[in-house]
1. For the range 150-213, what class follows from the C-alpha gyration tensor (a ≥ b ≥ c being the square roots of its eigenvalues): rounded when a/c is under 1.5, otherwise prolate if a/b is larger than b/c, else oblate?
2. On the accessible surface of the range 98-222, probed at 1.4 Å, how many percent belong to carbon and sulfur atoms?
3. Testing the spin-label approximation: label points 7 Å from Cα along Cα→Cβ at Ile17 and Leu264. State their distance in nm.
4. Please list Trp224, Trp324 in order of solvent-accessible area, largest first, computed with a 1.4 Å probe with all protein chains present.
5. Given R₀ = 30 Å, FRET efficiency for Lys185-Thr304 by Cβ-Cβ distance, to 0.05?
6. Using a 1.4 angstrom probe on the protein heavy atoms only, could you order Phe326, Phe263 from most to least accessible area?
7. Using a 1.4 Å probe on the protein heavy atoms only, what accessible surface does Asp308 show? Give it in Å² to the nearest 10.
8. Separation between the Asp319 and Trp76 pseudo-spin-labels, each 7 Å from Cα along Cα→Cβ, expressed in nm?
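The values are calculated or read from the model by the stated rules, or taken from the named source; none is laboratory data. Since the model is a prediction, treat every value here as computed from it, not as a measurement. Here the Cβ positions follow ideal geometry from the backbone for every residue, glycine too, while neighbour counts run over all protein chains shown. Remember, those area values only see protein heavy atoms, side chains included, never the ligands or the DNA or RNA. Shrake-Rupley method; radii C 1.70, N 1.55, O 1.52, S 1.80 Å.
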Amino acid sequence: IEPDGGEDATVARYRHIRFLGVDADNANVSQDANPEDKKTAETLSLSEGEAFTLAGKGITLKAVKQARDVYTQYAWVSDEIEQSVMEGSGAGGVRQVGRFLLMTKAADFMTKLQNLISDAKIGLQSPEVVVHIFSGMGGGTGSGTFLDVCYMVREVIKNEPKAYVCGYFFMPDVNVAHVRSNNVKQYIPLNGYAAMQELDYCMNIEKNHGKFRQEYTGGKLIDWDRAPVNYCHLISALDNNGNVREDAYNYAMKVTSEYALEFLKKSNLSAIVHKSFGFNIKYLTIGASSAVVPLKEINTYLATRFFDGFSEVGKDIPDESDVWNF
């Protein structure tokens, strides 16, 4: 995370750290720019070169379903979707629409990823490439695209000698506390539940003997039998008592930003507890829910299992042959 050019640099620049914001809402697209390619920094606080817009004019559910009937890669689109017009309003809270919007630009998206990673590696010798993916789990775009994005990233970096993917997924309670619309508050938990089902299945995909297999625009086939990310972080605004913080959304953004920045400063994955120590690191938590470590419950569990082992010892009475063998 040291700036390029060292301490003598007039302006601090970090060419080895890159950002890419993905959004399906084109409401803030610059009026004098091509809405397909450019986006203002108003929403994502990113430059136009750091934004990738999924939305386009004329995107309706009728068009989605027509594409489904023509292209086999869209066979998962359901007839039960009732949302009508998509133009300018992102995915409208519909997960399948969000996924469809990503798939229509899948080839361009992966090319953009590849170019960003290649540019970030310039001047480095065999660098460790770490991709951090941040997504909400309750909206139509994030909830509908996060899994595909993870596997697209996997595909792009599969030939890197040292590469890792870290996922940061915001739980529905973070977004519910941030919105006022009752309609939105209703679909966020539903989307979140469906997304978590998918995430949990794929995080256990090796044990399930399953596989993620999807054909994308341009005939690109992604075929993976491993988890979507190496390290999966779940961010919640609930505390240990199940209460949502008043500043839930801003709090979640702050603690996640601090966590990711600390990660970049250390730039060392070995800082995370290794599996060989017996800990389950399939999921990591960030936020209020992980603020307190329940030591009493942990110690009670460990002591119980420890003494369970002794409960069977009394039955192991040696006979005379055991004594002589000993």
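1. Details: a/c = 3.36, a/b = 1.96, b/c = 1.72.
Prolate is the answer for the range 150-213, as a/c is 1.5 or above and a/b outweighs b/c.
2. Working: 2830 of 5780 Å².
In the range 98-222, the share of accessible area belonging to carbon and sulfur is 49 percent.
3. 0.2
4. Working: Trp224 25, Trp324 200 Å².
Final ranking, largest accessible area leading: Trp324, Trp224.
5. On the way: r = 41 Å, r/R0 = 1.35.
According to the calculation, E is roughly 0.15.
6. Values: Phe326 215, Phe263 25 Å².
Ranked list, largest accessible area first: Phe326, Phe263.
7. 80
8. Distance between the two pseudo-spin positions: 6.1 nm.
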